[in-house]
Structure formats: structure tokens, C-alpha cells
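The values are calculated or read from the model by the stated rules, or taken from the named source; none is laboratory data. Predicted model only: the values in this text are computed from it and were never measured. Please note: Cβ atoms are built from the backbone with ideal geometry, for glycine as well, and neighbour counts cover all protein chains shown.
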Amino acid sequence: MLATPGDPDKALVMKYVGQLVAAGYAELEMCDHGEVEARLTSGETYLLAETTILRLA
């Protein structure tokens, strides 16, 4: 889920996710199929797809 200049909503979400990573509250991992997995230190895991955010755990 890479933010594009033409999609301000996606850019805002990725900004906030980036802030969680920078603060040490989350880790990101690129998946083989181009999606991003976000794991929060509180235990939740999310899949950041092109148009969807899916909670995995």
C-alpha cells in the first residue's frame, strides 16, 4: 500500500502508520504480493492492501 500523490486519503493513512512505526508502536513488512503487513506492539496485525485495510489478528 504505497501512497500516491493523487490519493490524499491513502497518504494520510500511511503518514499515521509511519508515525506509529517511528514511535516504536508498530513494525511494517512487505509481503511477496506487494501488500504491507503492519504489526502493532499491542498485538494487532493488519494487512494494508491497495484499497483495503484488513485486520488479521
Quick one: K10 ticks every box in (1) modelled with pLDDT of 90 or more; (2) part of a helix (DSSP H, G or I) except a single one, so which number is it?
(1)
Taking the criterion of being assigned to a helix (DSSP H, G or I), surrounded by 11 or more Cβ atoms within 10 Å (Cβ to Cβ), at pLDDT below 90 and touching a Ser or Thr at 6+ places or on another chain (Cβ under 9 Å), would at least one residue in the stretch 13-24 satisfy it?
no
Which of the residues spanning the stretch 11-30 are under 10 Å from the mean Cα position of the chain (by Cα) and either basic (K, R) or on the phi > 0 side of the Ramachandran plot (or both)?
K15
Of all the residues that make up the stretch 25-42, how many are at pLDDT below 95 and either among the polar types (S, T, N, Q) or not in a strand (DSSP E or B) (or both)?
5
Per the list (1) loosely packed, with under 10 Cβ neighbours inside 10 Å; (2) among the aliphatic types (A, V, I, L, M); (3) at pLDDT 95 or above, residue check on A57 breaks on (3)
Kindly list, by first and then second residue, each pair from a residue in the stretch 31-46 that is without any contact (Cβ under 8 Å) to a residue 40 or more places away in the chain and hydroxyl-bearing (S, T, Y) to a residue that is part of a loop (DSSP other than H, G, I, E, B) and loosely packed, with under 11 Cβ neighbours inside 10 Å, limited to pairs with Cβ atoms under 8 Å and residues at least 6 apart or on different chains.
T41/G24; T45/L56; T45/A57; Y46/L56
